[in-house]
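The values are calculated or read from the model by the stated rules, or taken from the named source; none is laboratory data. What you see is a predicted model; the values in this text were computed from it and never measured. Cβ placement follows ideal geometry from the backbone for every residue including glycine, while neighbour counts extend to all protein chains displayed. The protein model used for the area step is the full one, side chains on, heavy atoms only, and it has no ligands, DNA or RNA in it. Shrake-Rupley method; radii C 1.70, N 1.55, O 1.52, S 1.80 Å.
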Amino acid sequence: MAASPEIVPIAGLVLVFLATLPALYNLPQLFFKKNQGYRNIDIYEDKDGVATEETQRIYRKTRLPIFMLNLSTSAGFCVSLVAAAFNTVEGSQHGRSYLLVIWSRFTIWALIHIQATNIYSERNPVSRYEFASFHALSNLILLFVIFLTEDLQTILSGHGSLSIVNFVLSALGFFSAIAFPRRPQLYKDGQEVDGQWTVSAFYHYTYSWCSPVLARAAKQRVLRNEDLPLMDHNTRAKDLAEAWVSMQGKGNLAKLIILAHLSAFAKQYIVTLLSGIFLVAPQFAMYRLLRLLEARSNGEDVNFAAGLWVGGLGLAMIIECFLDNWYWWICYGHLQVPIRVQLAALIFSKSMRRKDVKGASTKTSKEQDSKDTTAVNPSEGVGAVKEDNPEDHIQKTRQGTVNLVGIDAKRIADFASYNNVFFAAAIKISVCFTFLGKLIGWQGLLAGVIVHLLSLPLNIYFSRRYADGQDELMRLRDRKLAVLNEALTGIRQIKFSALERQWQKRIEVVRKEELGAQWKVFKADTILIFCWLIGPIMLSATCLGVYATIHGDLSASIAFTTIGILGQIEGTLGFLPELTTIAIDAWVSVKRIDEYLRSPEKEPNETIPGNNVRFEGASISWPRNEEPDEETFILRDISLSFPCKQLSVISGRTGTGKSLLLAAILGEVEILSGRIIVPRAPSLEERCDYKANKSNWIIDEARAFVSQQPWIENCTFRDNVLFGLPYDASRYQQVIEACAMDKDLKMLTDGDLTEIGANGINLSGGQRWRITLARALYSRAGILIMDDIFSAVDAHVGRHILEHALTGSLAQGRTRILVTHHVSLCLAKTDYQVILGDGQVEHAGPVKELAEAGELDGIFDEVEAVVDEEIDARSGSHSTSRHRRYSAASTKPNMVDDGHAIADGKQQPKKFVEEETKKIGYVSWSTYKEYLNATGGVWFWALAMVSYIGYQGLIMGRSWWITIWTQRYDTRSALLDTTHHRTAFISQLNTNHVHTETKKSDPDLMFYIWIYIGISLALTIEGTLRYLWIFHGSIRASRKLFDNLTHAVLRAPLRWVDTVPVGRVLNRFTADFYVIDSEMANATSFMLYNVLGVVGIILAGFIISPWILIPSAVLLAICVNYALYYLAGARESKRLESIAKSPIFDYFGAALAGVSTIRAFDRTSEYIQNFFTKVDSHGKALFYMWLFNRWLSWRLGIIGALFSICTAALIVSLRKIDASLAGFALGFVLQYSDFVVWVLRQYANVELGMNATERIVEYSQLQTENDGGLDAPAAWPTEGRLEVDNLVVGYAPDLVPVLKGLTFSVNSHERIGVVGRTGAGKSSLTLALFRFLEAREGKVYIDGLDISTIKLHDLRSRLAIIPQDPVLFSGTIRSNVDPFNEHEDQPLLDALQRVQLIPSADTSPTPSAAPSSPSSEEAHRPNTPTKNALLTLHSPIAESGSNLSQGQRQLLCLARAIVSRPKIMVLDEATSAVDKATDELIQRSIREEFGSSTLIVIAHRLSTIADFDRILVMGEGRVLEYGSPGELLEKGGEFAGLVKESGEAEVLRGIILGKGDR
């Protein structure tokens, strides 16, 4: 197949010379280095990692490629020289032009020989690989030169043997060059690095480097994350984040992403161009083959030419397959995965630097105040709040921030992989329309395009509908996610209050809206599918009809080639509307992430370095995105100087800004004026923690922080204390003893190696606080900043902590700044006292100076004045509390001993949070059955199969009608010149597309056209309806599966709730249901379509000849073998990808919750690195999932090419087959590889979707709490009597009981205080009363009714509890106090007044009522009254109540209980975080409001329960003492000991013995 004898060799020579230039440049340098004594580095290393001695040795032993390359090059050089000399001496029969060809080949071989010499001399692996690539390119050019300049028929007849040898040697050189490995196998941190940039070009472009992983998956039937190699630096989070920072680019996020990945985007567009150009190559080969078969019908001998075009057809398919796979690998492997990993890394890194702005905004509050908001939609349920822009609110929540990684980063990465489709469409349309213009003429093409454009308005309209639907769907998904996140976060409170049904209803309301939006999207998608189907179908019908009308006939070569080419652009045109919506979604996400990345950061220089902590005229507020307004709480004109290495105490009423003052020291506030001086801590790198020892342990400038809400990590007890520092056994034991945790560790199953659940869920409140205190004590910080550490601990434990932790040996030489309401406890040890009030510092100074000046008494007078004024108590009744009492508790309490935290020789510690389970092997049939039944069962799928079979039948019928139509005509096309084949590639098309004569008009032409149009319309309608049917079933399945999962999770046992991370459950509700809702329907539809497509292709081949079944069976068997490998890897990689997402979300959420602690300890870089590791784990699972797709697609593409060659060769060999039958068969056969690939890929997608179903079904089938039993009487309980008889309960059947024969009784309307040391069983008693722990023995009676015999819902809904950790939901104060809109406003306002959150109508606002949040506190201004920002019921509450202080959250929960007025109420340290004065006011309100209720109060602060009717003292799960406070005090037992150790014994005695004082 020859071309111009002069142009081709000269062009080839120029190209090879250009490819040789790098070698010509490098060879002299290699010679120079050798003479200079240059030595290569023994061990290879680059950004990806470093080789080992073993891998370096293996690389050096790879000598076969260099040997074969030198052999082929030397032999080729010699053979070409002989051929050139022989033809020159003997004289070539082809003339001078052939001599030019021969000597050009010799010159090319000489240049290739220079390249080979350079490759042999080069020792750098990567350089050698690159030179080998140029060598391979040169050999490929030489192959084309030989092919295009030789007469193949002459060569095959036995002449030109030297040319054959040249061709073979060049091919050998090509394959030798692409066999060079790029470098030795690398390792990083002991892990093998992915081989993409390690293996040879052959392995690289055939995606074979993942074959060992696939083999392992097929053999083991399971893949672990450790089985996947580590990613290279182009895909690792840390490297990508550093590359982004080093870029220092400016502009919006989209521009920066393009710049960061410019080379990948450039490759994407170049390959897109090449792929578009080669798109019609298989169709052109088929066209030439059909033209030859038409000529054969006229008696011509076309076997040789047809044989060449059969080979050309296979080659064209292989080239198209190569370019297509390379294109998709760049899209996913080089763009999608790296961009997704990079954005996740950047967002998390930003979150560690970003200002900690709370979510609630005062704007909503102001707008709500101006409206009549008394009517709240009950369907909105708990926490409902109407906001002008709910999405903005969601964006500000922690979950909204996590969504930036989970949703927005994925959207952007997905569009990055598809962004070039617009360009690809333009190229494909240009190439295809140019080809069609040559083939059928401009008239037919123009008519077809006009008809196709008629559907464009419909397409555009429904594309907009689809885009709007997707926007609405994403907003509703965000809403659903926010509701689910709150429900799962507050599920303990939901279960305690028996609100499962209400919350399920609320979730169902949001879910119903989401599925409604999904159905709108499906309907719009159905119309788009209709447009996608009817456009190309009518385009082909019009083109063929106009062509047949003009020319009077229709040949098979014209008809089937036209249909094939239009089918090539069909998918691209159909995808354009969807791509538009993807682009819109991505742009919205770009703006969201860009806004987040540009948001203000915590300024490292917010505070000024100095020698001690001091404030100089500073005015501060919480960080906020808005300018301070009249409702912004501000601490004004603060001037303080905390003494170094001494204990300073900050106190004040609830909501006066104590936590804000601590945050200012940490740099977590807005400094409006003045200065804050804080010693500057050295960086983590400068500290060299690994070198720390006793002599240099304390760093005076370093800080540690104990937050008001303890932040606990999901790791072991010990790791929570060490917090990244090395383990010093002596110091560690000192810290444990100082924090009174010896007994706690003995009670834990694995001592200090016991795993602690997320947020310390398996610890008591006191234990959580003491762990965070232990973390601060163990740290190297010289400045300890502590927020209210005494609230959750018993009085004796608090005294022990004061004596041994705050003022003991561990605290010596450290500056301690403590916020507490327990001023009297600390006063004896306090050096510096600060009292806050009314947005300013009321008193501050050394305690001794305050005492000498007489201000100390004044301070306490003011603290108690409010109490005296409100309750009109006798003045002086508590006068003993105003005098400084120096503690005499110098001895260690009985509970503290010198035992070790963990005994030697213990077995492997149990995991509290179990690893997420992962199924092995194929998805079970039971999972398929669950989904199939959920969609509609047997009849649904029977009808679906009928519709898909009918569609495939119509496709075959349309092609068969074309066969009948074209057979009608006696083709009289211009004959091909089969003797000489030196015509250029494109010129063959130009000279053969036009008929030599125009036929007379066929009277039956319109009959054939209308039948064709009729079949096409039926095809369109059937194709549209089948999708609508599947979409309908998908919605039904989504609804049923979601309802089942919600029901199971909300009613799961408390033990399961505590041990499963929220992120893991959310992953089921979000990521897995995204697959079920949006992807499963399409995957199922396409799988059925492609399966039947493969059947149709084989059937079409069978119609031509039964012999086609032989190659079909062989190649199908090979496909099945590849498929088994692929499915094993794809299934496991998808499971790994699903599992790897949960830790990312869990870790991100936990880090956001503890960002202040992390920053205070200067551990941000450590947490960022940990997050990078988790993102890399997810990234490599995603990377290999796409890689396995390419591995399969390339191999099946080759098999498809072989099948096409076999079919085409069979057609050519059977003379009875005319062009029409051949066109019918080839039209289907050319699609074989595509259909087989898509069958397997869609089956994998269906199985991966079933993997999501499997994970959902797993949780849907959880064992739920038993809600069986009798209905409780309507008014039960009427009296509130409680009897506990010999109660024995345990947390699990295999664990020892925590309550051991507990017996006591409570009379109606009694107030019972429950006290006891840590581990006494107080919280277990609460759980038993609510039947979270079922009784092993004994009974619990309420009003004489055994609670084990009634329904759980009835029991829990009739009792009430206020937990120590208050649970609030985002919304308003009203939606939290009255979740279901059951009360008018006035009772709610009364309840808020009772708990001191708002002032009563006849009193002015008090400082205690002012909230301390960044969005709701109001500063005291001179000459203006202090305004109460919580004045309305519609003031906003942020997620988890984060815009309120801990005390205010407790008070709001108490108000909620006052509104419900239960007969029995349990308070678990419900007022631990409020100041003493407010506590006493609240206790008065409780006595007044709950006079007709039975109260059971668990208390650490003895003054809270000192005047109760009776006290229950517990110890080790038993009743130690039970009686009135006076009786127990006189008895001198355990309770008397607790009073003595409390630090306020005199006050307590006064309350107990003189009960009327309250």
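Quick look at the values:
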| read-out | value |
| --- | --- |
| Percent accessible area from carbon and sulfur atoms, region 1231-1328, protein chains only, probe 1.4 Å | 51 |
| Cα gyration tensor shape for region 461-545, rounded if a/c is under 1.5, else prolate or oblate | prolate |
| Carbon plus sulfur fraction of accessible area for region 1057-1167, probe 1.4 Å, in percent | 72 |
| For region 183-234: rounded, prolate or oblate by the Cα gyration tensor [a/c cutoff 1.5] | oblate |
| For ARG501, net neighbour charge (Lys/Arg +1, Asp/Glu -1) across residues whose Cβ lies under 11 Å away | 0 |
| Distant-in-sequence amide H partners of ARG1518 (H built 1.01 Å from N, under 5 Å) | LYS1300 |
| Dipole magnitude (debye, nearest 20) for region 203-348, charges at Cβ of Lys, Arg, Asp, Glu | 460 |
| Average accessible surface area per residue within region 1239-1278, 1.4 Å rolling probe, Å² | 42 |
| Inter-probe distance in nm under a simple model that places probes 7 Å from Cα toward Cβ, at TRP960 and GLU1283 | 8.5 |
| Per-bin percent of Cα-Cα distances, region 1331-1382 [5 Å] | 4, 14, 20, 20, 14, 13, 9, 6, 1 |
| Restraint check, LYS505/LYS1134; LYS428/LYS1180; LYS495/LYS1040; LYS47/LYS219; LYS238/LYS267; LYS410/LYS520, Cα-Cα greater than 28 Å | LYS505/LYS1134; LYS428/LYS1180; LYS47/LYS219 |
| For region 159-217: rounded, prolate or oblate by the Cα gyration tensor [a/c cutoff 1.5] | prolate |
| GLU1337-LYS746 pseudo-label distance in nm [points 7 Å out on the Cα-to-Cβ vector] | 2.4 |
| Per residue accessible area of region 227-346, 1.4 Å probe, in Å² | 34 |
| Built amide H within the under 5 Å cut-off of VAL199, gap 5+ | ARG182 |
| Flagged links, alpha-carbon separation over 27 Å, of LYS355/LYS591; LYS929/LYS1174; LYS512/LYS1463; LYS480/LYS591; LYS188/LYS1174 | LYS929/LYS1174; LYS512/LYS1463 |
| 5 angstrom amide H check on GLN833, placed H, neighbours 5+ away | VAL649, GLY845, VAL847 |
| In Hz, Karplus ³J(HN,Hα) per residue of region 816-826 (6.51, -1.76, 1.60; θ = phi - 60°; x = Gly, Pro) | 10, 10, 10, 9, 7, 8, 8, 5, 5, 5, 8 |
| Computed accessible area, GLU1527, all protein chains, 1.4 angstrom probe, square angstrom | 120 |
| Equivalent-ellipsoid semi-axes of region 1200-1284, from the Cα gyration tensor, Å, largest first | 72, 13, 8 |
| Residue-wise HN-Hα coupling along region 207-223, computed from phi with Karplus coefficients 6.51, -1.76, 1.60 (Hz; x: Gly, Pro) | 6, 8, 6, 8, 4, x, 5, 5, 4, 5, 5, 5, 6, 8, 6, 7, 10 |
| Dipole magnitude (debye, nearest 20) for region 1160-1266, charges at Cβ of Lys, Arg, Asp, Glu | 580 |
